[in-house]
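Report on one structure; see the data block that follows.
Please treat every number below as a calculation from the coordinates, not as lab data. Since the model is a prediction, treat every value here as computed from it, not as a measurement. Cβ: placed from backbone, ideal geometry, glycine included. Neighbour counts: every protein chain shown.
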Amino acid sequence: MEINEFKAQLQEVANVVKTDLASLEAKHAADLLAVQASLDAIAAEQKNAKIGAEKRETASSFLAVVEAKSEDLKNLAERKTVTFQLDEKAAVNMFTAAGANFVGKTELGYQAAPAAPTSISDIVAGGTINTPSLSYVRITGYEGGPQMVAEGGLKPKFSLTTELIDATVKKIAVTAKFSEEATKDATTFVSLVQSEMVRLHNEYLDEQSLLGSGTGNDLQGIMPLAKSFDAGYFASTISNAQKIDVIRVAIAQARIALYTPSHVVMNPVDVADLELQKDANGNYLLPTILSGTLSTIGRVKIVEMDAMPTGQFLVGSFDRGAKLYTRDGLTLRVYDQNEDDAMHNMILVVLESRHVQLVNRPEAFIKGSFASAITSLNKA
């Protein structure tokens with residue numbers, strides 16, 4: 001066998017081995033992605049099960065409160081021409097938080113809303129407050145830090161830049177009219193309130209928590225105070241930058257500021273666009289589109305929120321950077337003496353709550369628009 005022929009055979013074997021290795025590496029990478037997707041799915045199921053159990057318990061409490069007042073509600077419906085004073089304000093007060101929907105004995109033309117997605121109150125710290133206002137310290141920066149010091153040497157100083165903020169409790173309210181028949185069955189009444197009114201209330205609370213100006217009747221939202229996206233080290237360094245690159249760089253920006261992001265908030269349209277992104281071979285960059293679980297980027301979970309404007313994002317340490325306190329939980333009042341409702345067998349239902357939000361660490365949040373962020377990352 002000639003030398004050249006032998007070399008050709010060796011090269012052929014080498015090419016086969018190289019091809020097999022590439023195939024194995026691709027399969028290994030795909031298997032790792034599949035395993036990670038499964039782990040993400042298990043974690044999401046466990047968390048959703050916990051949240052679901054809490055919401056079912058809350059909803060059951062709501063039902064118990066309504067059932068305790070069921071006779072009052074029935075009397076309210078029967079006395080169409082008489083002013084029925086349930087208390088000083090002719091109202092039934094009931095307290096609850098958002099929960100699962102109930103299915104009543106009759107549908108009465110209403111259809112239950114889909115299960116509620118993750119809301120701001122699920123990811124920020126919070127609790128209850130017993131005062132109409134409070135003062136808190138907002139940390140806006142720091143200077144200095146620990147250093148090695150020689151024996152007898154001058155010790156370094158660490159100082160925080162702070163601002164004293166006075167925050168007041170704000171009210172969110174919504175009204176709706178239902179037929180008197182809706183009050184005859186407590187389970188049906190709860191289902192209507194949960195699916196129609198509580199859903200709208202919670203969506204608006206998300207909007208205020210994200211975008212509120214903090215002036216007038218607005219809560220202090222996170223977005224107005226969050227730090228703007230800064231490409232920094234990654235400016236003009238990425239070829240064909242995409243949304244996934246933007247989120248990862250924003251996470252790094254928060255980490256440089258000494259905060260560990262817990263969530264990425266995006267509009268559902270942007271999440272869909274993110275999950276539909278493919279590589280040059282047509283493979284999805286995020287395999288979670290096939291598993292049904294929401295994606296994680298840089299080990300940070302993505303949360304869809306309708307309140308987030310399309311094309312924008314918010315990355316942050318939500319458990320450290322903001323707190324949402326509740327003064328009064330959801331309060332439900334039922335009136336039969338409003339306008340000409342009695343003539344039409346209608347009742348007025350008022351739903352309201354009172355909250356205050358503190359954004360005590362603005363540097364824990366990074367905001368931006370995908371379009372401008374991608375431009376700053378792309379190679380010139």
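Structure data summary
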| read-out | value |
| --- | --- |
| Value of Rg/Rh across segment 214-336 [Cα atoms, Kirkwood radius] | 1.06 |
| Proximal charge balance of residue 271 [Cβ under 12 Å; K/R count +1, D/E count -1] | -3 |
| Total formal charge among the other residues, if their Cβ is under 14 angstrom from that of residue 131, Lys/Arg +1 and Asp/Glu -1 | +1 |
| Pairwise FRET efficiency - residue 369 versus residue 242, Cβ, R0 = 25 Å, nearest 0.05 | 0.95 |
| Proximal charge balance of residue 211 [Cβ under 13 Å; K/R count +1, D/E count -1] | -4 |
| Cβ-derived FRET efficiency at R0 41 Å, residue 159 paired with residue 328, nearest 0.05 | 0.60 |
| Label-point separation in nm, residue 284 to residue 143, each point 7 Å along Cα→Cβ | 5.0 nm |
| Amide hydrogen neighbours beyond the local backbone of residue 301, cut-off 5 Å, H modeled | 264 |
| For segment 237-291, the spread of Cα positions along each principal axis, largest first, Å | 37, 27, 18 |
| Potential lengthening between residue 319 and residue 215 on full extension [0.36 nm per residue; Cα-Cα distance subtracted] | 35.1 nm |
| Spin-label pair residue 260/residue 233, simplified geometry with 7 Å Cα→Cβ offset, distance in nm | 1.9 nm |
